[in-house]
Each structure stands twice: as C-alpha cells, then as structure tokens.
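The values are calculated or read from the model by the stated rules, or taken from the named source; none is laboratory data. Remember, it's a predicted structure, so these values are computed and weren't measured experimentally. Quick reminder, even Gly has a Cβ in these numbers, built from the backbone with ideal geometry, and neighbours come from all protein chains shown. Ligands, DNA and RNA are excluded from the accessible area calculation, which covers all protein heavy atoms including side chains. Shrake-Rupley method; radii C 1.70, N 1.55, O 1.52, S 1.80 Å.
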Amino acid sequence: MESSPPLSSPPLCVHKIEAAIKISWSDANPATRYYGCSLGPDGRCAFFQWIDARPTILQRNYIAKLKRERDEAREQLRIQTCLARQAKEEEEEAWGKAGDMTVLNHELEEELAALKSRRWWLEKMVTLAMLLLILLIVIVG
Ligand SMILES: [Zn+2]
C-alpha cells in the first residue's frame, strides 16, 4: 500500500503544470484518488500518481456491492418511470374516449329531439286526414 502525499502541493505533470485530483472507479481501484494531467483528453500526458492507499479486498467488495445496488435502484427507477408514463398515456386515452362519448351523446339527444318533433307533426297530419275523411263521408253520404 502506497501512502498519500499531502494534498496541499499537487505534483507537476510532464507539461510542468499542477496535476489534477481525479477519482478512479475501476473494479480494481474503486473510489481511489490519484493525480493525473489536468489537460483535456486531446492534450493530456501520461502522468499518474496515486493519492489514496489502494483499496483492500474488503473495500473493493463493499464498493462493488454498492455499485450493484445502485444499478438495481436505477433499473427499478427506469421501470417505475416507464409504468408511470404508460399509466399517464392510458389516462389521457380514457379522457379522450370520455370526450368522444360526450359528443356522441349530444348528437343522439339532438337526433331524438328531431324524431319527437317529426312524430308530433305526423300525428297532427293523421288527425287532419281522419277529419277530412269524416267530412268527406258526411258530404258524400
Ligand atoms: Zn500533463
């Protein structure tokens, strides 16, 4: 196990600039700080120096367990989000159908009112025809 240098004085990298503190999340060295070149991926040099002691097997196993639990929690969250979205879509569809039913109901009520009105006129016409028939029988007979 390497021991850590004080954090107050970062070492200089190959570029002679202060190295940046980074954190390794590899399976072999999870949650372990190290110094690396502070330049971006294109200009960075190969400078590398551990800050923290390398993790023990116990620490590695514990971090691996935490990563698995995190991944499971993410998957659960993904499933829950998916189910919530699905429920919302179904709710919107149901509201749409309810709206269609309201429109259909209104159309049927209008049709029914028109039919009632037509029946009222037909009844009047039948009555008038019968009166005319009776009058004709009276006149002719
Ligand atoms: Zn560098």
Between residues in the stretch 42-64 that are assigned by TED's automatic domain parsing to the domain that holds ASN29 and within 16 Å of the ligand (Cβ to nearest atom) and residues that are open to solvent by 60 Å² or more (accessible area, probe 1.4 Å) and in a loop (DSSP other than H, G, I, E, B), which pairs lie under 6 Å by C-beta distance while being six or more apart or on different chains?
CYS45/VAL14; CYS45/HIS15; PHE47/VAL14
Restricting attention to the stretch 58-90, which residues are among the acidic types (Asp, Glu) and within 30 Å of SER26 (Cβ to Cβ)?
GLU69, ASP71, GLU72, GLU75
Hey, can you tell me all the residues within the stretch 1-22 that are among the aliphatic types (A, V, I, L, M), modelled with pLDDT of 95 or more and more than 10 Å from the ligand (Cβ to nearest atom)?
ILE21
Which residues, taken from the stretch 8-36, are in a loop (DSSP other than H, G, I, E, B) and in contact with a strand residue (DSSP E or B) (Cβ under 7 Å, 6 or more places away or on another chain)?
PRO10, PRO11, ALA19
